[in-house]
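Visitor: One structure is given below, represented as structure tokens, and several questions about it will come after.
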Amino acid sequence: MNRISLVLIFLLLVVSSGSSAFAQSAELDVNIINIIDPVVILETNLGEIVIEFFPNDAPKHVENFIKLSQSGFYDGVLFHRIIPGFMIQGGDPNTVDGDPNTWGTGGPSTSVDAEFNTIKHNRGIVSMARSADPNSGGSQFFIIHQDSNFLDEEYTVFGRIVTEESFETLDKIAAVETGTSDRPIDPDQVRIIKTKVVSISDILNYLDLEDPERTQSSVIPSTGNQQYQSAEHEIKLSVPEGWLLQEQDKTQPDSPDVVAVGPKIGVINPVISLTIQESNQRTFDELISEKLESIKSVIETGELKINSQKKMTINEYDAYVTEAEGLFSLNGEKYNVQFKEIMFYDNEKFYTLAYSNGVDDFDSQLPRFDETIESFVIISPESDSEEISIEENGGCLIATATFGSELAPQVQQLREFRDNTILSTKSGIAFMSGFNQFYYSFSPVIADMERENPLFKKFVKLSITPMLSTLSILNYVEIDSEEEMLSYGIGIILMNVGMYFAAPALIIYKIKK
């Protein structure tokens with residue numbers, strides 16, 4: 001039950017993704033003051049926060065925020081949710097004098113459609129809070145305390161703080177004492193006294209900041225899920241798009257390694273978690289017996305009710321499925337929680353995927369958990385190590401140069417030759433291990449240069465065209481032994497990489513530096 005309790009505590013501490021309902025307020029009928037490069041100053045009890053905007057990336061959100069600030073909408077509201085190391089959230093009119101239990105549910109009577117963009121959620125970024133509906137942004141916003149890039153392209157970034165005092169105030173607010181639902185113990189410490197709209201030229205201590213950091217690719221239209229792949233954990237899976245996805249520090253052997261938290265619709269946030277543990281030579285049946293014994297005492301107290309347990313095969317892995325519900329207490333409040341847990345067994349390790357939610361809302365997100373289960377794959381280190389290295393280190397420069405071009409089929413042929421021929425022998429695996437270490441020491445840097453400079457990308461593409469064209473030789477040879485594989489396959493790879501690409505790329509890289 002330790003793992004279940006940890007997940008429950010985590011989901012109650014994680015920020016809900018914005019306002020889930022909108023309180024009624026006066027309609028906005030003011031016009032933005034005709035100011036060149038407007039900024040908003042938030043006067044708080046702990047200091048000023050000055051916010052500049054990104055109108056080219058989120059014009060509707062910028063207009064909405066400035067109008068609300070100009071109208072006095074934010075005067076008197078609190079930063080009602082404070083999570084140090086993550087963010088501070090404010091902008092709810094319910095926090096002026098409303099019941100604390102309603103904090104986080106208020107806003108104007110109108111909303112703003114999503115304007116997701118490529119600006120990263122780094123320290124000091126200002127972004128719009130929302131509910132599960134991407135188009136539900138109202139007045140609530142949050143300021144990033146420490147880089148939180150798992151939010152990138154899922155929430156609308158519309159501004160950033162731009163003075164030294166702003167960052168000092170951010171740190172002061174993040175450091176205040178908090179209680180239930182991350183609310184400040186002393187609300188008056190973190191109240192916005194007044195907002196002002198002025199020109200950026202009026203800010204004397206304005207920091208000369210660089211352009212905000214952006215994700216490398218354009219915003220991708222919603223696919224219904226987000227992909228997660230880990231070389232360390234040797235797994236890949238998908239979780240619902242828009243859920244807050246995080247890797248967790250493993251404080252105990254049975255604590256989750258990966259957690260995805262969904263928007264709060266009912267009494268608690270839905271959570272999907274993955275826990276990875278060593279089997280230590282225990283059989284699958286032994287692990288199941290240990291699990292049953294560990295929850296026996298909780299079942300006897302009546303706090304946990306097992307609805308079903310069965311052993312089966314899922315995705316070609318041995319699996320044990322548990323469905324249960326129980327009553328859990330936290331900070332004096334009790335929650336009826338239902339969960340489904342699937343334990344996968346793979347000799348050296350076992351993987352536990354779990355979904356939990358309030359009993360009344362459990363079925364609403366169950367199909368999304370089923371999609372996660374269907375996507376779950378345990379990676380073979382030998383066959384997938386290169387792809388993982390490519391993804392985590394910034395990209396394969398050959399793939400980047402030829403993506404979407406007429407050379408893409410040749411690149412795929414090169415990959416198939418590597419996977420099906422070279423990596424089918426011990427000598428091939430040993431060669432590729434050393435080659436990958438060399439190649440990926442510079443490949444990600446070249447790939448980034450290609451993304452930044454289209455002309456450079458075309459130059460690289462022209463440079464590697466002869467190399468890829470010679471792959472047709474492989475269609476006329478038969479490789480039946482390690483010696484033949486080494487003489488044909490590795491010979492062609494080394495010849496082409498050395499002649500057409502590696503040397504020029506290294507020279508260009510040195511010149512660039």
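The values are calculated or read from the model by the stated rules, or taken from the named source; none is laboratory data. It should be emphasised that the depicted structure is a prediction, and the values quoted were computed from it without experimental measurement. Using ideal geometry, Cβ is built from the backbone for each residue, glycine included, and neighbour counts are taken over all protein chains shown.
Visitor: Among the residues of segment 179-233 satisfying the criterion of being buried (at least 16 other Cβ atoms within 10 Å of the Cβ) and among the small types (Gly, Ala, Ser), which is modelled with the highest pLDDT?
Guide: Step by step, filter segment 179-233, then rank; the result is SER181.
Visitor: Within segment 234-259, work out how many residues are crowded, with 16+ Cβ neighbours inside 10 Å and free of Cβ contacts under 8 Å to residues at least 60 places away in the same chain.
Guide: Adding up the residues that qualify gives 3.
Visitor: Which of the residues that make up segment 75-92 are surrounded by fewer than 23 Cβ atoms within 10 Å (Cβ to Cβ) and more than 24 Å from the chain's Cα centre (by Cα)?
Guide: Hits for segment 75-92 are ASP75, GLY76.
Visitor: Determine the pairs where a residue that is free of Cβ contacts under 8 Å to residues at least 24 places away in the same chain, located within segment 289-317, has a partner that is among the basic types (Lys, Arg) and surrounded by 10 or more Cβ atoms within 10 Å (Cβ to Cβ) with Cβ atoms under 8 Å apart, the partner being 6 or more residues away or on another chain.
Guide: GLU290/ARG282; ILE299/LYS305
Visitor: Those residues that are of a type in the set (D, E, K, R), assigned to a strand (DSSP E or B) and over 16 Å from TRP103 (Cβ atoms), I need them from segment 40-89; list them, please.
Guide: Filtering segment 40-89 for residues of a type in the set (D, E, K, R) gives 43, 48, 52, 57, 60, 63, 67, 75, 81.
Okay, now just the ones that are also assigned to a strand (DSSP E or B), so 43, 48, 52, 81.
The answer is GLU43, GLU48, GLU52.
Visitor: Take the residues in segment 339-369 that are surrounded by fewer than 21 Cβ atoms within 10 Å (Cβ to Cβ) and more than 26 Å from GLY266 (Cβ to Cβ), then tell me which one is modelled with the lowest pLDDT.
Guide: Restricting to residues being surrounded by fewer than 21 Cβ atoms within 10 Å (Cβ to Cβ) and more than 26 Å from GLY266 (Cβ to Cβ), the top hit is ASN347.
Visitor: Quick one: is SER71 within 20 Å of ILE192 (Cα to Cα), polar (S, T, N, Q), at pLDDT below 95 and not assigned by TED's automatic domain parsing to the domain that holds HIS121? It would help to see each step written out before you state the result.
Guide: On the way: within 20 Å of ILE192 (Cα to Cα): yes; polar (S, T, N, Q): yes; at pLDDT below 95: yes; not assigned by TED's automatic domain parsing to the domain that holds HIS121: no.
Criteria not met by SER71.
Visitor: From the list THR313, THR372, THR322, pick out the single residue that is among the hydroxyl-bearing types (Ser, Thr, Tyr) and surrounded by fewer than 18 Cβ atoms within 10 Å (Cβ to Cβ). Talk me through it step by step, then tell me what you get.
Guide: Details: THR372 fails: surrounded by fewer than 18 Cβ atoms within 10 Å (Cβ to Cβ); THR322 fails: surrounded by fewer than 18 Cβ atoms within 10 Å (Cβ to Cβ).
Unique residue meeting the criteria: THR313.
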